[in-house]
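Please read the structure below before turning to the comments.
Coordinate-derived values only; no laboratory data. The shown structure was predicted, so the numbers you read here are calculated from the model rather than taken from an experiment. We place every Cβ from the backbone using ideal geometry, glycine too, and count neighbours over all the protein chains shown.
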Amino acid sequence: MSSLARLVAAAHVCEGASSAPCCVCRQCKKVLAHSHPDVTTVEGDGEIVAAEARRVRADAWVKPNEARARVFVVERAENLNMHAQNALLNVLEDPPGSARFIFTTENPPALLPTVRSRCAIAVFAEGGPPDGGANYDLKLLDNYCAALAGENALALFESAHALERIERVQMEAFLEDLRRVLHASLLGRYGAEAQGAPSGFGTLGNLESTALVRMYDRVCELIDDCGRNAGVGHVAGALALF
Ligand SMILES: [Zn+2]
């Protein structure tokens, strides 16, 4: 299971007192050790067929052994064939209260629109800043990250406000760098080597994982918005509300 999928799975069963996943409680440790009885990985090196999907569907109705939820992680979900995807539709639409499904894929269009529409989608894209030498004053990122880390609403507002004056291509580069900082922070939080963050910036490791995941999702949405020609002011306004 990918480290991020494991992190998300752990968050669903964590029984830590504060942030989830805490990575230290009994439930989290079992997930991280690949030994949690309520976390099932469906991994197909080849095709994942309908019989396998039906087994997942049936298991979803079984009460969890010890956690508050049963989590099904379908890795390389593009390997689900059409019959398998169709077999999962009902349970995705109206899942038992204790069931959680995580699909990972590098090829989202391989999943039926009816499957994708039933999922919350988070995009974890690798890659460097956009082409075009979109340099911006790195202090903007520094200040913004410091405001996020300090959970300082006023500083966040001010540092986001400063972003209203940059060019669109610079905003795209800023968002990509912010995404990489959050990605590295999440991996760091999970204990993995924090690679890929723009050099010179501290990570946001003091923030709760759930907050990091939420911010990461939001940044990915904003990157999408930029791709759809959202204005710099709109993006800066959204960044002020993180
Ligand atoms: Zn935990």
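Determine by what factor the alpha-carbon radius of gyration of the chain differs from 2.2 N^0.38 Å, reporting the quotient.
Relative to the 2.2 N^0.38 Å estimate, the chain comes out at 1.10.
For region 157-170, take each phi angle, set θ = phi - 60°, evaluate the Karplus expression 6.51 cos²θ - 1.76 cosθ + 1.60, and give the result in whole Hz per residue in order, putting x for glycine and proline.
Once rounded to whole Hz, the list reads 4, 5, 6, 6, 4, 4, 6, 5, 9, 8, 6, 4, 5, 5.
Report, by chain and number, residues whose modeled amide H sits under 5 Å from the one on F103, excluding near sequence neighbours (fewer than 5 apart, same chain).
Amide H to amide H, under 5 Å and 5 or more residues apart or across chains, F103 pairs with V74.
Order by neighbour count: L156, L241, fewest other Cβ atoms within 10 Å first, most last.
Listing L156, L241 from fewest to most nearby Cβ atoms yields L241, L156.
Give a residue-ordered list of calculated ³J(HN,Hα) values for region 236-242 (Karplus: 6.51 cos²θ - 1.76 cosθ + 1.60, θ = phi - 60°; whole Hz; x for Gly, Pro).
Per residue, the Karplus-derived 3J(HN,Hα) values read 4, x, 5, 5, 6, 9, 5 Hz.
What FRET efficiency do you get for F124 and W61 if R0 is 22 Å and r is their Cβ-Cβ distance, rounded to the nearest 0.05?
The value I calculate is 0.15.
Just the projected area, averaged over all directions, of the convex hull on the alpha carbon atoms of region 138-239: how many nm²?
Averaged projected hull area, Cα only: 5.7 nm².
Among the lysines, select those whose C-alpha is under 18 Å from the C-alpha of K139, and discard any that sit fewer than 8 residues away in the same chain.
List returned: none.
Which values, in whole Å and largest first, are the semi-axes of the equivalent ellipsoid of region 3-116 obtained as the square root of 5 times each eigenvalue of the Cα gyration tensor?
Ellipsoid semi-axes (Å, largest first): 25, 15, 12.
Return the loop-located chymotrypsin sites (Phe, Trp or Tyr not before Pro) in region 1-101 (DSSP other than H, G, I, E, B) with at most 16 other Cβ atoms within 10 Å of their own Cβ; answer none if there are none.
Taking region 1-101 and a limit of 16 other Cβ atoms within 10 Å, the loop chymotrypsin sites (Phe, Trp or Tyr not before Pro) found are W61.
Through the Karplus equation 6.51 cos²θ - 1.76 cosθ + 1.60, θ set to phi - 60°, convert the phi angles of region 107-118 into ³J(HN,Hα) values in whole Hz; use x for Gly and Pro.
Once rounded to whole Hz, the list reads 9, x, x, 6, 9, 4, x, 5, 6, 4, 5, 8.
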